[in-house]
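The values are calculated or read from the model by the stated rules, or taken from the named source; none is laboratory data. What you see is a predicted model; the values in this text were computed from it and never measured. All Cβ positions, even for glycine, are placed from backbone atoms using ideal geometry, and neighbour counts span all protein chains on display. We work out accessible area using only protein heavy atoms, side chains counted, and drop any ligands, DNA or RNA first. Shrake-Rupley method; radii C 1.70, N 1.55, O 1.52, S 1.80 Å.
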Amino acid sequence: MSATVDVLAVLKEKFPAATPRPSLDHPAVNLAAGDIPAALKFLRDEQGFDFLVDLTAVDWAEGVSPRFTVVYHLLSTGRHDYVRVATDCPSDEAPAVASVVSLWAGANWHEREVYDMFGINFTGHPDLRRILMWDGYPYHPLRKEFPLAGIDTPLPDAEIMAETGARVIAAPMAGGPFVASPGEINLTEAEPRAKDESWTERRAKPDA
Amino acid sequence: MVTTNTEIAYNSKIEGEVIVSRMDSIINWIRTNSMWPMPMGLACCAIELMGTASSRFDIARFGAEVMRFSPRQSDCMIVAGTVTYKMASAVRRIYDQMAEPKWVIAMGACASSGGMYRSYATLQGVDHIVPVDVYISGCPPRPEALLDALMKLQAKVRHERSATNLRRA
Ligand code: SF4
């Protein structure tokens with residue numbers, strides 16, 4: 001699955017900050033955040049990568065710098081080549097990168113999702129609202145510090161909350177989540193195994 | 001006792017067009033056999049709900065085939081699927097729009113308890129926001145389980161004191 005064009009070399013000529021990115025499948029490249037719209041436009045218009053397959057992000061955890069990386073997967077529908085482009089957000093506290101909605105209209109909802117889940121701002125996005133969680137939800141759930149169970153918050157609808165007394169609660173994990181860790185133990189003996197024994201209906205949650 | 005009366009069934013010539021019964025039984029009889037569902041299909045369980053409605057399982061045999069997509073015309077909300085917090089408000093509003101008397105069936109693990117979705121996004125059981133009459137286990141429950149739940153609900157309604165409640169209301 002090698003690309004018919006050496007994307008990295010071509011990019012490096014125009015954008016000297018480009019560096020190769022370790023990848024097991026398709027060619028991948030790291031770019032500076034400032035180069036993003038121009039480099040993607042170059043790939044789309046001059047290298048034939050006309051289709052934005054996916055746009056997502058990585059949170060490398062608190063304390064790591066750079067903390068957030070935005071990843072673009074591009075496909076050339078003519079040559080059937082893929083390329084992966086990644087860029088680190090310059091700021092760890094207020095991560096932001098330029099929007100590519102003007103290049104691919106399909107990036108619109110992808111960027112909204114990344115904004116919703118990671119809190120990365122896409123400058124120049126025409127309508128950067130949350131897409132999965134409701135407007136006004138105070139957290140970004142796919143950030144590493146956010147617990148899977150969730151955090152106690154009010155319901156999106158204050159009227160319904162007053163009527164029912166229900167809230168968004170930290171979900172009872174009941175000994176879960178059940179995940180396999182290869183190498184640590186004999187999986188056939190130990191599944192399912194608890195990673196987070198936070199609390200169950202019968203046993204109170206230990207103070208964090 | 002010796003009697004000349006050989007009638008063993010209701011004879012309208014003797015008793016007129018009158019049947020004597022209790023208001024409770026009549027009202028409940030009407031309610032149980034025309035329980036129109038509000039199909040609150042939110043995830044995979046809704047597929048099984050559709051299966052229950054169609055010919056192989058035929059929920060019409062129990063008088064509940066008329067899926068009403070208008071809450072005003074439905075009696076029983078079948079919550080079939082994962083209720084997210086974002087959807088929960090809509091579920092409750094639709095429940096509020098249904099006319100009394102109304103019942104709720106929580107179909108499947110998700111609607112009953114959040115199911116496998118122990119997460120920040122999922123309501124941990126629809127009974128947090130609406131009163132549930134019957135819970136069905138399963139992921140998804142078999143259509144027979146839904147029919148069983150419907151029959152359980154009908155049995156429950158048969159014992160309601162509908163007339164007394166009407167007078168009180
Ligand atoms: S209980 Fe299972 S089948 Fe039903 S909605 Fe939940 S995940 Fe889907």
What are the residues in the stretch A:67-89 that are surrounded by 15 or more Cβ atoms within 10 Å (Cβ to Cβ) and not in a strand (DSSP E or B), if any? A:ARG67, A:CYS89
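Restricting to the stretch B:97-119, and then to whatever is under 12 Å from the mean Cα position of the chain (by Cα) and more than 14 Å from chain A (Cβ to nearest Cβ), can you tell me which residue is nearest to the ligand (Cβ to nearest atom)?
Filtering the stretch B:97-119 down to residues under 12 Å from the mean Cα position of the chain (by Cα) leaves B:101-107.
Of the ones still in play, those that are also more than 14 Å from chain A (Cβ to nearest Cβ) are B:101-103, B:105-107.
Details: B:PRO101: 26, B:LYS102: 22, B:TRP103: 20, B:ILE105: 13, B:ALA106: 10, B:MET107: 7 Å.
Looking at residues that are under 12 Å from the mean Cα position of the chain (by Cα) and more than 14 Å from chain A (Cβ to nearest Cβ), I get B:MET107.
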Scanning the stretch B:121-169 for residues that are open to solvent by less than 40 Å² (accessible area, probe 1.4 Å) and of a type in the set (Ser, Thr, Tyr), the one farthest from A:ILE151 (Cα to Cα) turns out to be B:THR164
So which residues in the stretch B:132-169 are farther than 24 Å from B:ALA53 by Cα and of a type outside the set (Val, Ile, Thr)? B:HIS159, B:GLU160, B:ARG161, B:SER162, B:ALA163, B:ASN165, B:LEU166, B:ARG167, B:ARG168, B:ALA169
Among (1) under 19 Å from the mean Cα position of the chain (by Cα); (2) crowded, with 22+ Cβ neighbours inside 10 Å, which single condition is B:TYR85 missing? (1)
Residue list for the stretch B:27-44, filter: open to solvent by 30 Å² or more (accessible area, probe 1.4 Å) and away from the ligand (no atom under 16 Å from the Cβ): B:TRP29, B:ILE30, B:ARG31, B:ASN33, B:SER34, B:TRP36
Does A:ALA98 count as crowded, with 16+ Cβ neighbours inside 10 Å and among the small types (Gly, Ala, Ser)? yes
Which condition does A:TRP134 not pass, out of (1) over 20 Å from A:TRP109 (Cβ atoms); (2) under 23 Å from the mean Cα position of the chain (by Cα); (3) at the interface with chain B (Cβ under 9 Å from one of its Cβ atoms), if it passes all the others? (1)
Take the conditions surrounded by 15 or more Cβ atoms within 10 Å (Cβ to Cβ) and away from every other protein chain (no Cβ under 14 Å) and apply them to A:TYR115. Does it pass? yes
Report those helices (runs of 4 or more DSSP H) wholly inside the stretch B:83-169 carrying at least 2 residues which are among the basic types (Lys, Arg). B:85-97, B:143-158, B:162-168
Please give the number of the condition B:ASP24 fails out of (1) away from the ligand (no atom under 16 Å from the Cβ); (2) more than 17 Å from the chain's Cα centre (by Cα); (3) open to solvent by 50 Å² or more (accessible area, probe 1.4 Å). (3)
Could you pull out the residue among B:ILE59, B:ILE78, B:ILE94 that is crowded, with 16+ Cβ neighbours inside 10 Å and within 16 Å of the ligand (Cβ to nearest atom)? B:ILE78
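Does B:GLY51 satisfy the criteria of being surrounded by 19 or more Cβ atoms within 10 Å (Cβ to Cβ) and either within 15 Å of the chain's Cα centre (by Cα) or within 13 Å of the ligand (Cβ to nearest atom) (or both)? Even if it seems obvious, please write down each step before you answer.
Numbers: surrounded by 19 or more Cβ atoms within 10 Å (Cβ to Cβ): no; either within 15 Å of the chain's Cα centre (by Cα) or within 13 Å of the ligand (Cβ to nearest atom) (or both): yes.
So B:GLY51 does not fit the description; no.
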